[in-house]
Every structure is written in structure tokens, then in C-alpha cells.
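Accompanying notes for the structure given below.
The values are calculated or read from the model by the stated rules, or taken from the named source; none is laboratory data. Since we're looking at a predicted model, the values are computed, not measured. Note that each Cβ is placed from the backbone with ideal geometry, even for glycine, and that neighbours are counted across all protein chains shown.
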């Protein structure tokens with residue numbers, strides 16, 4: 001286990017130094033694929049495991065092409081990168097034991113955030129030399145840890161294949177941030193044969209040494225990009241000939257916050273960005289908003305989203321402009337399977353790396369697109385859960401000083417592997 005611990009830290013720090021955004025995880029995915037291939041996993045990659053029609057918020061082709069070149073110049077495994085070259089960066093690695101048994105899947109995510117990492121000496125990645133090399137990009141949510149945990153777990157499974165039965169699938173998902181990547185993998189049917197599904201996260205408010213076997217309370221969400229298109233005109237000479245897209249956007253932004261709340265549960269809405277206009281004396285002919293809605297259930301989020309769409313349509317009509325709404329991210333609500341959570345909970349209680357295990361936590365949380373996996377597995381009669389490994393944080397998630405206690409990775413692979421032994425153990 002000491003050897004695995006050193007590998008976990010080495011992998012994590014390498015991924016942290018070279019962060020990649022959603023659908024651009026080409027360097028990361030190529031390294032992951034190379035390690036999994038050496039361990040003897042059957043690999044399905046890129047478009048094999050992602051539905052192109054269900055990729056939300058995917059970068060433009062020019063950015064994808066440029067990043068592919070960057071990845072090649074910064075340590076990507078050239079013999080493995082080709083399947084990811086068009087921005088389809090998902091991987092499903094399968095270990096088939098050759099013995100009849102259930103199929104268990106573990107999902108980890110790989111993407112980073114658009115945040116400029118702190119360069120203060122008190123920040124451990126800066127002090128230890130693994131701070132992000134990319135301006136305005138960093139792993140500020142622990143996905144570098146998740147990817148490393150997936151690899152560490154892969155090594156344990158491969159080394160103990162003879163004591164297991166059935167199949168174990170390791171799902172390395174792109175673009176969790178913005179809830180963009182999971183649905184494309186679900187619609188590519190990667191979990192349609194799965195009996196047990198486990199998604200993981202480190203941190204998110206759980207204390208160091210603590211474990212939550214089933215984290216519920218994730219809000220359903222929709223991420224919307226709205227474009228208003230009007231008519232430019234001289235603001236002093238011919239204002240009546242203009243159609244003001246900026247005013248439409250401003251009206252929409254204000255009135256989205258006036259959407260009535262829902263009696264059946266919590267609602268959220270936020271306008272995070274607004275860009276409009278090209279000059280002081282020009283009627284703005286274009287405006288752009290980034291908006292998100294959330295609801296305690298999928299039904300409630302659909303209510304908020306439909307109300308927001310009505311507000312946007314009304315603002316466009318009021319100012320005589322055209323509009324377009326693009327859904328660039330989405331997640332649903334879901335509840336974990338208690339029976340599967342009980343297996344993880346029991347293993348966590350025996351883990352030498354943990355102090356306390358909690359079976360279920362229903363407190364309100366943010367949003368997670370792993371809920372698409374959970375729903376699909378449960379619809380097919382399987383069991384699914386989302387578990388959290390607590391850790392000490394240097395700063396909160398999505399913060400420029402985010403860092404975590406790397407020992408949480410050992411706790412994760414221990415509990416996950418012991419749980420797989422319970423689910424897929426060969427008792428013959």
C-alpha cells in the first residue's frame with residue numbers, strides 16, 4: 001500500500017500541474033488510458049463512450065484543435081491521445097474476471113476550473129512545486145484527486161483479479177463542472193449493464209477522516225446561455241431606429257430574480273454574467289447572459305427553467321429583439337440506494353483510514369451530473385450511490401487556494417476496493 005500511496009501523490013500532483021477544462025482533458029485522458037492499458041483493462045474511449053448529440057457546452061473546434069497541440073507538447077501519451085482529439089475525452093475501462101457475477105462501476109471526473117491559482121508561499125502547491133502552469137486554470141475542486149483515486153483503485157483491482165468475479169468498470173468522465181459531461185456517457189449506454197454504481201468526491205463539507213456513504217440533496221439544475229440580437233443605431237441621431245439588446249438583457253436579468261418560489265421545495269436562480277454593447281453612443285445590437293436555475297427536484301427545476309424562459313421571451317418581445325437560449329449544462333435530482341450505501345458504510349467502519357462513517361446525508365448540496373448515472377442504473381433495476389470522503393481543506397472548493405489532505409486518497413481506494421470485494425468477491 002505504501003507503493004500505491006506514493007503513486008497516488010505523484011499522479012495527483014502531475015494532474016494538478018497540468019489542469020484541463022471540460023472536454024479538453026486530452027493530456028489527462030491519454031495518461032489515464034496508458035496506465036489502464038498496462039494494467040490489462042479493456043478500454044473504450046472517445047466517441048465509443050460519449051453521445052455527440054448529448055454533449056453540452058462543448059468548446060468550439062478551434063479551441064479543441066489548439067488544446068490538442070498543447071497536450072502533445074506537454075506530456076500527453078501520443079500513442080493514446082487520438083481518440084480524444086475531437087474533444088470526446090471519456091474513458092470506460094473494464095476488468096472482466098471471466099467469472100459469472102455482477103457488474104460494478106465506479107465513476108470519477110477529470111476536469112479543472114477557470115480559476116487562477118494562488119502563488120502565495122503559504123499555498124502548498126506553490127511551495128512544493130506543483131502549482132498549475134496554466135494561467136486562469138486550476139484543479140480547485142479535487143478532480144485531480146478523483147482521477148488518481150480511479151487509477152489507484154484500478155491497480156488494486158488488477159492485482160487482485162483472481163479473487164473477484166463479474167466485471168468492474170471504471171468510468172473516467174469529462175466536463176463535470178457545469179454539469180456537462182455525464183449525460184453524454186449515459187446516452188452512450190455505458191452503464192446500461194451495471195448492477196452497482198458508485199460515484200465519489202473528496203471534501204464538500206465532510207470533515208477529515210469522515211465518510212458519507214450516500215450523499216443526497218443534490219439540486220437539479222440547468223445552465224443557460226442566452227443571446228439577444230437587436231439593431232444598432234446612433235444613440236443621439238436616430239435612437240428610434242435601434243432595437244436595444246442590452247435593455248432586453250437587463251430586463252431579463254432583473255425579472256429572473258422575481259420568479260415565484262415553489263411550494264414543494266427549494267429553488268435557486270442566478271445571472272452570473274452579462275456582456276452587451278460596443279460603445280457609449282451606440283444602441284446595443286447584441287447582449288449575452290449566463291444564467292443557471294436549480295430546484296430541489298427535477299420537477300421544481302423544470303418549473304424555474306420554464307419561468308426563466310418565459311421572462312427571456314417577454315423581455316425580447318418588449319424591446320423588439322430576437323433571442324436564443326442554449327442549454328449548456330444540466331443535472332437532475334436523485335436519491336442513492338440505501339442497500340448499496342450500507343455496503344460502503346460497513347467497509348468504511350472497518351477502514352483504518354477513517355474515524356467515522358455516516359450512512360446517509362440528505363442536507364442540501366450543489367448540483368452533480370452523476371445523478372444521470374444514478375437514475376439510469378436505478379431505472380434498470382440496479383443500485384447506485386454517491387459517496388464523499390472527508391478531508392481537511394486549505395480553502396473552500398472553487399477557491400484559488402483550494403488544496404486538500406492527500407491522505408484522503410488512501411481512504412478512498414481502501415473503502416472502494418473493500419466494497420468491490422463485498423460486491424464482486426469470488427466466494428468459490
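Within region 22-53, the set of residues being within 18 Å of residue 175 (Cα to Cα), in contact with a strand residue (DSSP E or B) (Cβ under 8 Å, 6 or more places away or on another chain) and either without any contact (Cβ under 8 Å) to a residue 40 or more places away in the chain or outside any helix (DSSP H, G or I) (or both) comprises 44, 45, 49. Scan region 295-322 residue by residue and report those that are surrounded by fewer than 23 Cβ atoms within 10 Å (Cβ to Cβ), touching a helix residue (DSSP H, G or I) at 6+ places or on another chain (Cβ under 8 Å) and outside any helix (DSSP H, G or I). Selection gives 322 alone.
When you scan region 171-182, how many residues do you find that are surrounded by fewer than 24 Cβ atoms within 10 Å (Cβ to Cβ) and on the phi < 0 side of the Ramachandran plot?
We begin by selecting, within region 171-182, every residue surrounded by fewer than 24 Cβ atoms within 10 Å (Cβ to Cβ); these are 177-178.
Okay, now just the ones that are also on the phi < 0 side of the Ramachandran plot, so 177.
Number satisfying all stated conditions: 1.
Consider residue 283 carefully, then state whether it is surrounded by 20 or more Cβ atoms within 10 Å (Cβ to Cβ) and more than 21 Å from the chain's Cα centre (by Cα). Spell out the reasoning first.
Numbers: surrounded by 20 or more Cβ atoms within 10 Å (Cβ to Cβ): yes; more than 21 Å from the chain's Cα centre (by Cα): yes.
In short, yes.
Residues are listed down the side, and each one gets a yes or a no for (1) touching a helix residue (DSSP H, G or I) at 6+ places or on another chain (Cβ under 8 Å); (2) at pLDDT 95 or above; (3) under 23 Å from residue 366 (Cβ atoms):
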{"position": "147", "(1), (2), (3)": "yes, yes, yes"}
{"position": "158", "(1), (2), (3)": "no, yes, no"}
{"position": "169", "(1), (2), (3)": "no, yes, no"}
{"position": "178", "(1), (2), (3)": "no, no, yes"}
{"position": "185", "(1), (2), (3)": "yes, yes, yes"}
{"position": "193", "(1), (2), (3)": "no, yes, no"}
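Only one of the listed residues (71, 93) is under 24 Å from residue 373 (Cβ atoms), under 22 Å from the mean Cα position of the chain (by Cα) and surrounded by 17 or more Cβ atoms within 10 Å (Cβ to Cβ). That residue is 93. Of the numbered criteria (1) out of contact with any strand residue (DSSP E or B) (no Cβ under 7 Å at 6 or more places or on another chain); (2) within 21 Å of residue 186 (Cβ to Cβ), the one residue 77 fails is (2). When 148, 184, 214, 233 are screened for being farther than 30 Å from residue 132 by Cβ and either outside the structural domain of residue 274 (by TED's automatic domain parsing) or free of Cβ contacts under 8 Å to residues at least 40 places away in the same chain (or both), only 214 passes.
Of all residues in region 366-385, none satisfies being more than 24 Å from residue 189 (Cβ to Cβ), touching a residue at least 40 places away in the same chain (Cβ under 8 Å) and either buried (at least 24 other Cβ atoms within 10 Å of the Cβ) or more than 21 Å from the chain's Cα centre (by Cα) (or both).
Just one of the listed residues (206, 212) is over 18 Å from the mean Cα position of the chain (by Cα), closer than 30 Å to residue 384 by Cβ and part of a loop (DSSP other than H, G, I, E, B), and it is 206. Note on region 54-68: among residues that are within 21 Å of residue 18 (Cβ to Cβ) and touching a residue at least 40 places away in the same chain (Cβ under 8 Å), the one that is nearest to the chain's Cα centre (by Cα) is 58.
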